[in-house]
Amino acid sequence: MISVSGLSFRRDGGFTLRVDSLQAADGQVCALVGKNGCGKSTLLRCLAGILPYEGSALVDGREVRGLGHRERARRLAYLPQDPGCPHMDVRTLVSHGRYATLGAVRTMGERDRALVRRAMGLTGVWQLRDRWLSDVSGGELQLAYIAMVVAQDSGTLLLDEPSAHLDALRCRELADLLRRLAGEGLAVVVATHDVEAAFSSSDQVCLMAEGDVVARGTPEEVAASGRVPQALGVGVERQEGPGLLWGYALTRT
Ligand SMILES: Nc1ncnc2c1ncn2[C@@H]1O[C@H](COP(=O)(O)OP(=O)(O)OP(=O)(O)O)[C@@H](O)[C@H]1O
């Protein structure tokens, strides 16, 4: 669980992130949405303990910046926007999700191997497990990274643009996976430009603009807030009917 109060972070260039209050409860998916440069990644990096924020960001009631590396990895799994393409195969990358919790010898036990297998199964990369990362597609690489943070088996997932390279069907499958993980008790915070998915498949939407949270609540509340067109440059509208992929669609403002 994540609980933010009075958090701020100021960059040298003048950008300031200000989040008065934000809760991401266990069992819930919280989506951060907003235009390029509004501060989604900056907020996630603060929550991950990477940026030196002021104010408070608690994970499971403990201040993030005060946590040691292992304790943080046990409680939080963070997937950055562009994690890179290291020289290793898919299975090794996914296994990295376990490393922070291994002992000094760094040997995986049966539970670790089971978590890695399960994460590869859930994300659909099991059949790619022996492929080099340089030899998989952009979307497959993205899924391998998602498997890595799922394998970490922490209570909170912080995901920065996890659907960025995924095709339309896999975006839907990812949304279902995040819901499933939340159903298992995880708190999931996801920064995304997939606005339809964010509104259709999250418990809470956090709408950001220029470093501020301008609306926060259930998708229905945020959609009805009147703040979406200015913050996103597009509107969102509930849609109903058989065969639709998402419950919300984008509209022109
Ligand atoms: N390393 C950095 N040094 C200086 N300024 C930065 C750095 N990273 C981001 N910024 C600036 O901080 C602001 C917020 O950036 P951030 O990456 O948090 O936005 P974002 O909402 O995640 O954007 P996007 O949707 O494009 O990924 C922007 O003005 C950006 O230019």
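Every read-out reported here was derived from the displayed coordinates using simple, explicitly stated rules and does not represent laboratory data. The structure displayed is predicted, hence computed values, not measured ones. Please note: Cβ atoms are built from the backbone with ideal geometry, for glycine as well, and neighbour counts cover all protein chains shown.
Listed values, structure above:
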| item | result |
| --- | --- |
| Test for residue 57: is it over 28 Å from residue 235 (Cβ atoms), in contact with a Cys (Cβ under 9 Å, 6 or more places away or on another chain) and either without any contact (Cβ under 8 Å) to a residue 24 or more places away in the chain or not β-branched (Val, Ile, Thr) (or both) | yes |
| Scan of the range 28-59 for residues that are touching a Ser or Thr at 6+ places or on another chain (Cβ under 6 Å) and on the phi > 0 side of the Ramachandran plot, ordered by number | 55 |
| Odd one out for residue 203 among (1) more than 14 Å from residue 30 (Cβ to Cβ); (2) acidic (Asp, Glu); (3) crowded, with 16+ Cβ neighbours inside 10 Å | (1) |
| Search result, residues across the range 38-71 that are within 12 Å of the ligand (Cβ to nearest atom), touching an Asp or Glu at 6+ places or on another chain (Cβ under 8 Å) and either in a loop (DSSP other than H, G, I, E, B) or not aliphatic (A, V, I, L, M) (or both) | 38, 39, 40, 41 |
| Which listed residue, of 87, 69, is under 16 Å from residue 158 (Cβ atoms), touching a residue at least 24 places away in the same chain (Cβ under 8 Å) and loosely packed, with under 14 Cβ neighbours inside 10 Å | 69 |
| Any hit, the range 168-182, residues being part of a helix (DSSP H, G or I) and without any contact (Cβ under 8 Å) to a residue 12 or more places away in the chain | yes |
| Pick from the range 19-37, criterion assigned to a loop (DSSP other than H, G, I, E, B) and not acidic (Asp, Glu), ranking: surrounded by the fewest Cβ atoms within 10 Å (Cβ to Cβ) | 36 |
| Residue 77 under 23 Å from residue 98 (Cα atoms), more than 16 Å from the ligand (Cβ to nearest atom), of a type in the set (Gly, Ala, Ser) and touching a residue at least 40 places away in the same chain (Cβ under 8 Å) | yes |
| Residue list for the range 1-18, filter: away from the ligand (no atom under 11 Å from the Cβ) and either among the aliphatic types (A, V, I, L, M) or surrounded by 15 or more Cβ atoms within 10 Å (Cβ to Cβ) (or both) | 1, 2, 3, 4, 7, 18 |
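Rundown of residues vs (1) within 16 Å of the ligand (Cβ to nearest atom); (2) of a type in the set (Gly, Ala, Ser); (3) touching a residue at least 40 places away in the same chain (Cβ under 8 Å); (4) buried (at least 19 other Cβ atoms within 10 Å of the Cβ), yes/no style:
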site	(1), (2), (3), (4)
132	no, no, yes, no
155	no, yes, yes, no
159	yes, no, yes, yes
164	yes, yes, yes, no
